[in-house]
Amino acid sequence: MKKVIYSLLTATLLGFSACSEWLDVAPSTEKDRDDLIETEDGFKQMLYGTYINMINPSLYGHQLTYGMFEGLARNYVWTPIQNYNYLSTDIRPTIDAIWSTSYNNIANVNSILKDIESRKSLFSNGEGDILEAEALTMRAFTHFDLLRIFAPAYTGNEKTISIPYVETYERVRYPHITEENVVKKIFTDLDKAEKLFKDAGDPILTGRTTTSSGKGEFLANRQYRFNYWAVQALKARVYMYINNKSEALNYAMKVIEEGPFAWVDASVLTGNYPDRVFASELICALNVPKLSTYYDTYFTSEKYSLSDGWGIYGLSVFEDSNDYRYLYLLKNDKKNNKVISSKYDQKPHSTSTLMKETVPLIRLGEMYLIAAECNITQEPNEAIRLLRELKLHRGYLSTDKGIAADASETQLLEYVRKETRKETYAEGQTFFMYKRLKLNAIPEFSPWSSSMTTLMKPEYYTLPLPEDEKEYGNIPSSQTGN
């Protein structure tokens, strides 16, 4: 019954698009919420609901992972919009849905955080602290992606008014604040979440045994929820985005050296049940029950292909045919004359529900790439070591793994860029790397030329606020045209 009630609460909160209406909730729905926060199970159902919202196709179920942002990064033959004209009527509904769905879910998260601290006595085994930490991490994670999407690249724009950071469950028009203040609030949430996870003994940190059913179910499958190591990895990602390389390196190396994540074994990449998401390397992922349906819908179309039969098979990026990501994560659809990603095509081969329905959010390889980039200037040999280790575990056979011992800083950065494109392909991260680096030209998979690029302008990297937000949102008047 409570699961059904929370579905109604979620549906109500998700029914609004304007900032001022996020919390315009009917009294009957508020009564349902009041019932939920009186029990341990009610809080858990509310948290599960926020994860369900995250896998909405407007968010990480499609657009923010293998959908629109992969197209914007020119990782498919298709691009979602010509010349990055975000005001086009073809793309505005998708952009607006990202904004409204994200903030509506933040409202759901804040509904949990409003009362969780005063009701910790409902929980045992530290589960109340872990639940609060997951909610805080989700709030930080979502705001960070909204910042990356709807505000200019951080470096040089720290004082620019950007987005609201919503921390309370109340009906107000939250003010848009500067990029640096958004980042400060992200770290405030992550610092608190880190302490809660640590003090409560998050099983992914302590190795505590959990079960897949019964009392321990809430703490099972920690890689499919926000967890202690996801906080460390997200800190590395945020610090890298704001160009604080010393802290980015610190957190990336903490995950690499202390985390429980293991490189995928080549033996699980073939056979009847191959692992195409490299599950042992996932720091945080989402369970998307409709993933196989989404895969059949999108990746069987011409849009999500890498070529159209001209034979360009991605080797300009996957430069070695021994690369696991080339061998096992691309599929030659000869019948339809195209090459497509098979990362999410696990339904014929896997008996594991989680494996079949996995969309990665953060993976181990990204930590190696962050650490490598951070070392380029001061410790180039360490950057080379990290890149070679990554490529060793991607099947490269040569001694140098394609990373020259005398590589210049420019060449090392190019290696990092190329590996990031391969490592996070169809996961929505490439576009934000290009934005962070302020590239004026980006490579693309083209059916006509393996060296084709797309020219970029700074404004191409920033999506426009919804019209409702510009009209009704709490934005300083000098910024309403942004």
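The H on the amide N of residue 284, modeled in the peptide plane, is under 5 Å from the matching H of 361, 362, each at least 5 residues off or on a different chain.
Entry note, the chain: relative contact order of 20 percent, from Cα contacts under 8 Å with a spacing of 6+ residues. Note on residue 418: accessible area approximately 60 square angstrom, rounded to 10, probe 1.4 Å, nucleic acids and ligands left out. Among the listed pairs 195/435; 331/418; 184/435; 192/422; 185/435; 44/192, a Cα-Cα separation exceeding 24 Å is found for 195/435; 192/422.
Nearest-5 percent of antiparallel DSSP beta bridges in the chain? If we restrict to bridges inside the chain, about 95 percent are antiparallel. Residues whose amide H falls under 5 Å from that of residue 338, counting only those 5 or more places apart or on a different chain, are 333, with hydrogens built in the peptide plane. Phi-derived couplings, Karplus 6.51 cos²θ - 1.76 cosθ + 1.60 at θ = phi - 60°, listed residue by residue for the stretch 142-147: 5, 4, 5, 5, 4, 5 Hz, with x used for Gly and Pro. Taking a temperature of 25 °C and a viscosity of 0.890 mPa s, what whole-number D in µm²/s does Stokes-Einstein yield for the stretch 242-290 with Rh from Kirkwood over alpha carbon pairs? Approximately 185 µm²/s, per Stokes-Einstein. Applying 0.36 nm per residue to the separation of residue 125 and residue 301 and subtracting their alpha-carbon distance, the gain on full extension is 58.6 nm.
Computed on the stretch 381-482, the Cα convex hull volume stands at 177 Å³ per residue. For the chain, find the longest principal axis of its Cα atoms and tell me its angle to the long axis of helix 409-423, 0 to 90°, nearest 10. Value to nearest ten degrees: 60. Shown for the chain: the carbon plus sulfur share of the solvent-accessible area, taken with all protein chains present and a 1.4 angstrom probe, equals 49%. Here is the P(r) of the chain: all C-alpha pair distances, binned every 20 Å from 0, give 23, 59, 18, 0 in whole percents. Rolling a 1.4 Å probe across all protein chains gives residue 455 an accessible area of roughly 130 Å².
The percentage of C-alpha pairs in the stretch 52-97 whose separation is greater than 17 Å is 33%. The amide H of residue 358, built 1.01 Å from its N in the peptide plane, has 288 as neighbours under 5 Å, considering only residues 5 or more places off or on other chains. 3J(HN,Hα) along the stretch 94-108: 5, 5, 4, 5, 4, 4, 5, 5, 5, 6, 5, 6, 4, 4, 5 Hz, from the Karplus curve 6.51 cos²θ - 1.76 cosθ + 1.60 with θ = phi - 60°, whole Hz, x for Gly and Pro.
Using a probe of 1.4 angstrom and keeping all protein chains present, the accessible surface of the chain works out to 40 square angstrom per residue.
The values are calculated or read from the model by the stated rules, or taken from the named source; none is laboratory data. Note that the structure is a prediction, hence the values are computed from the model and not measured. These accessible areas exclude ligands, DNA and RNA; they are computed on the full protein's heavy atoms, side chains included. Shrake-Rupley method; radii C 1.70, N 1.55, O 1.52, S 1.80 Å.
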